[in-house]
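Comments concern the structure below.
The values are calculated or read from the model by the stated rules, or taken from the named source; none is laboratory data. None of these values were measured; they are calculated from a predicted model. Glycine gets a Cβ as well: all are built from the backbone with ideal geometry, and neighbour counts include every protein chain shown. These area figures cover heavy atoms from the full protein model, side chains too; ligands, DNA and RNA do not enter into them. Shrake-Rupley method; radii C 1.70, N 1.55, O 1.52, S 1.80 Å.
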Amino acid sequence: MKSGSPGLERTLGRVKRNGGLYLLLLPAFVLTLLFAYKPMYGVLIAFKDYSPALGISGSPWAGFKHFEKFFNSYQFSTTIKNTIVISLYSIATFPIPIVLALMVNQMRPNRFRRFFQTVSYMPHFISTVVMVGLMLILLSPSTGLVGNLSKLFGAEAPDLIGSAAWFSSLYVWSDVWQHVGWDSIIFIAALSTVDPSLYEAATVDGASRWHKIRYIDLPMLMPTAITLLILRVGGLLGVGFEKVYLMQNDLNITASEILSTYIYKIGLLSSQYSFSSAVNLFNTVINFLLLILVNQISKKYSENSLW
């Protein structure tokens, strides 16, 4: 009898030799299968007129009816525009953690540097609810810091939280303040791997601090930065729900209604399960296609890509 293929035999041999490692991997594999892949069966709801009484398999097929309903609704252009505006605004702030990491890397390793890093990390651990609560208190036109400063100078206090024009700026810059220190950690870690002899050689050659940043630090950061940027762009329509929903009110709804808040309202509050599933599936597919597109562009014009 002919023996099995050499490739299969080599694979089985590796499994036997590394059986302990595969055993350690098994729980993670099972959890991923149960909580990431098995729930994908529920995607069928988007193509059906789902009824909880009939279940997923018993509900009648609707085809692309719910997708057409969303594309033809007046909320389609509003939610897409608001989501893209906030996402692109957030992506525009992507270099800020890199700049912070470069600043920290230029500091001498002393108490001030440790204190500076600790202070920049701390806002990351503030919960979203507390963060939005602080914003509401500080920006209140009647009792907040902005209101009191306006009264001090005899001016009328602006209602920033209730302003649609200010919503995206408040969302993005409060997010930058809260997470810039934490996001810089990965870049600081990348800079810590730079060989000190490169800096010494650059100093001997008469390089200034700016030249060291430009020709040593930035090239070391590029692979990490490109990978994170690809992931960020891949989630272009995936603006977080919680913070937007907490900041949302009747006055700024024209700028704050994004895909995730719209899905929540029509899905859980209005019980339109199939329609909300169709909108969410559309969101997921677009993000997936963007991730592939940006990765291919990066792969074509640079040596860095996700795969």
Exercise. Tell me, please, whether a residue that is under 22 Å from residue 175 (Cβ atoms), touching a Leu at 6+ places or on another chain (Cβ under 8 Å) and touching a residue at least 24 places away in the same chain (Cβ under 8 Å) can be found in segment 263-282.
Key: no
Practice problem: Note down all Cβ pairs under 7 Å where the first residue falls in segment 19-45 and is over 30 Å from residue 267 (Cβ atoms), the second is surrounded by 10 or more Cβ atoms within 10 Å (Cβ to Cβ), and they're at least six residues apart or on different chains. | Solution: 22/15
Exercise. Tell me, yes or no, whether segment 152-171 has at least one residue that is part of a helix (DSSP H, G or I), modelled with pLDDT under 90 and more than 24 Å from residue 121 (Cα to Cα).
Key: yes
Self-check item: Sole exception among (1) loosely packed, with under 11 Cβ neighbours inside 10 Å; (2) assigned to a loop (DSSP other than H, G, I, E, B); (3) touching a helix residue (DSSP H, G or I) at 6+ places or on another chain (Cβ under 9 Å) for residue 41, by number
Solution: (2)
Exercise. Go through 126, 98, 84, 91 for me and flag whichever is out of contact with any Asp or Glu (no Cβ under 8 Å at 6 or more places or on another chain), at pLDDT 90 or above, surrounded by 12 or more Cβ atoms within 10 Å (Cβ to Cβ) and over 25 Å from residue 260 (Cα atoms).
Key: 98
Exercise. Being open to solvent by less than 60 Å² (accessible area, probe 1.4 Å) and polar (S, T, N, Q) is the filter here, so list the residues in segment 261-302 that pass it.
Key: 261, 274, 276, 277, 283, 287, 295, 298, 302
Quiz prompt | Every residue from segment 191-211 that is touching a residue at least 40 places away in the same chain (Cβ under 8 Å) and crowded, with 16+ Cβ neighbours inside 10 Å | solution = 191
Quiz item: What residue, among those in segment 253-281 that are part of a loop (DSSP other than H, G, I, E, B) and not charged (D, E, K, R), is farthest from residue 42 (Cα to Cα)?
Solution: 258
Quiz item: Of all residues in segment 165-187, how many are open to solvent by 30 Å² or more (accessible area, probe 1.4 Å) and farther than 19 Å from residue 131 by Cα?
Solution: 3
Exercise. Give segment 71-99 a look and list any residue that's more than 26 Å from residue 172 (Cβ to Cβ) and in contact with a helix residue (DSSP H, G or I) (Cβ under 8 Å, 6 or more places away or on another chain), or say none.
Key: none
Self-check item: Residues of segment 36-53 satisfying the condition of being within 17 Å of residue 68 (Cα to Cα) and either modelled with pLDDT under 90 or in contact with a strand residue (DSSP E or B) (Cβ under 7 Å, 6 or more places away or on another chain) (or both)
Solution: 47, 48
Quiz item: Can we say residue 284 is polar (S, T, N, Q) and part of a helix (DSSP H, G or I)?
Solution: yes
Quiz item: Before we move on, is residue 225 modelled with pLDDT of 90 or more, over 29 Å from residue 63 (Cβ atoms) and either open to solvent by less than 70 Å² (accessible area, probe 1.4 Å) or among the hydrophobic types (A, V, I, L, M, F, W, C) (or both)?
Solution: yes
Quiz item: Quick check: anything in segment 19-34 under 19 Å from residue 280 (Cβ atoms) and either modelled with pLDDT under 90 or more than 34 Å from the chain's Cα centre (by Cα) (or both)?
Solution: no
Self-check item: From the options 70, 116, residue that is part of a helix (DSSP H, G or I), on the phi < 0 side of the Ramachandran plot and open to solvent by less than 30 Å² (accessible area, probe 1.4 Å)
Solution: 70
Quiz item: From the set of residues in segment 240-259 that are touching a helix residue (DSSP H, G or I) at 6+ places or on another chain (Cβ under 6 Å) and free of Cβ contacts under 8 Å to residues at least 40 places away in the same chain, which is nearest to residue 124 (Cα to Cα)?
Solution: 241
Self-check item: Which listed residue, of 50, 22, is open to solvent by 40 Å² or more (accessible area, probe 1.4 Å), more than 30 Å from residue 222 (Cβ to Cβ) and in contact with a Phe, Trp or Tyr (Cβ under 6 Å, 6 or more places away or on another chain)
Solution: 50
Quiz item: Being exposed (fewer than 15 other Cβ atoms within 10 Å of the Cβ), part of a helix (DSSP H, G or I) and touching a residue at least 40 places away in the same chain (Cβ under 8 Å), is that true of even one residue in segment 132-143?
Solution: no
